[in-house]
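Chemist: First, the structure itself, so that you have it in front of you.
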Amino acid sequence: MRPYELLILGFVILAASIPVFGDLPRPELKAYPDLHSGPCPAIITFRAEILPPPLPGPVRYKFVRSDGATSPVEVVRFTRLRKKTVSTTWTIGGDYSGWVQLVIIFPKHVESNRAHFRINCRSTAQQEAVQTAGLDEDPGAEAEAPPRFFIDFQDAYLVFEPAGSTLQIVAGNSALSYGQKWDKVQLKPYLYHLRRNDWSDFFWQVNTSRKEVIMIRNGDFGRITTGERKELDIKVDPVGSDGEAQPERVLLRFSEAYLVYVPSDEVVQIAAAGAVLSRGEDWTVCRLKPYLYHFRQANWEKFFFQVNTSRREAWKVDDGVFCRLGGKKTRLDFGVRLGD
């Protein structure tokens, strides 16, 4: 076998052995450091590893920032079966909380996670005082709880099985809801109606053949119907079928999804695509400090989320006790923002 044929065969074998997002593995972008607390300006470095595409050739990519800026398109070429590291930096002179995302634009459009970071500018004297006192929070963080705050989920989706009753809302590899108060009707092998039972004047129509979600107002749920129609920004990902055949399961991927919490009223809601997906019926929230909260879904037995509104960070806590400090924490790729 000729050398170039061996190279192509090697790429095909590697592509078959790794999980893919489209035709390319989804890269993981990380911020170094993800929390800067010290003198400014601060330089944050973002790195990701791009795995070889199924066939040798160039991969074109760019970086997108939370302030709206976009880097020039760059190219990395693969001639060997080796992953390559790409990076960028961002220099910021003041307090800031944001993110950077790596976007591959060729040979397929693939988006990495959003690498969140936060900058707290402190003079050397202020930093030494904080370290001496053993503090790990912002000055004044104990003052009061925010009126409300949001947890912005990355890669959130709703998944259901046409042949079964399973329906879940998932983010961060955790089920946020198990479909309580949801109704599902199959009209055709590729056509479905979905709604929460408190959506009084609209529902979603999911077409796995056209790969679209339509919000229908003033229509008849469970029947092919007319009505006011609006296509939603939801990506339909049917698994195990093509065209008009019935899929094994269906994933509705949201471009934006978030949990909102109002401490004064202890109100929890999960929302996406302009609709409430869950009203927190199966969630418990514990406030440890005005800026520190634990969140737990009723079916989570071995873990929970910890949210720090001062640092604007979210963590998954394993081997801990709900409503107590401690446990093994893993940083989540969620954004935390405050509301009025």
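The values are calculated or read from the model by the stated rules, or taken from the named source; none is laboratory data. Everything numeric here is computed off the predicted structure, so don't read it as measured data. Virtual Cβ from ideal backbone geometry, glycine too; neighbours counted across all protein chains shown.
Chemist: Suppose the filter is assigned by TED's automatic domain parsing to the domain that holds Ile119, modelled with pLDDT under 90, surrounded by fewer than 16 Cβ atoms within 10 Å (Cβ to Cβ) and in contact with a Gly (Cβ under 8 Å, 6 or more places away or on another chain); does Leu81 pass it?
Modeler: Spelling it out, Leu81 is indeed assigned by TED's automatic domain parsing to the domain that holds Ile119, modelled with pLDDT under 90, surrounded by fewer than 16 Cβ atoms within 10 Å (Cβ to Cβ) and in contact with a Gly (Cβ under 8 Å, 6 or more places away or on another chain).
Chemist: Can you name the strands (runs of 3 or more DSSP E) wholly within the stretch 220-329 that have at least 1 residues being in the same structural domain as Val170 (by TED's automatic domain parsing), under 23 Å from the mean Cα position of the chain (by Cα) and free of Cβ contacts under 8 Å to residues at least 40 places away in the same chain?
Modeler: 228-231, 234-239
Chemist: Might you check whether a residue that is of a type in the set (Val, Ile, Thr) and closer than 19 Å to Tyr157 by Cα occurs anywhere in the stretch 273-281?
Modeler: Within the stretch 273-281, one or more residues are of a type in the set (Val, Ile, Thr) and closer than 19 Å to Tyr157 by Cα.
Chemist: Of the residues Ser255, Ser209, which is of a type in the set (S, T, N, Q), closer than 19 Å to Val159 by Cβ, touching an Asp or Glu at 6+ places or on another chain (Cβ under 7 Å) and surrounded by fewer than 17 Cβ atoms within 10 Å (Cβ to Cβ)?
Modeler: Residue meeting the stated conditions: Ser255.
Chemist: Of everything in the stretch 263-282, what is surrounded by 17 or more Cβ atoms within 10 Å (Cβ to Cβ) and over 24 Å from Phe202 (Cβ atoms)? Give them in sequence order.
Modeler: Within the stretch 263-282, Pro263 is the sole residue that qualifies.
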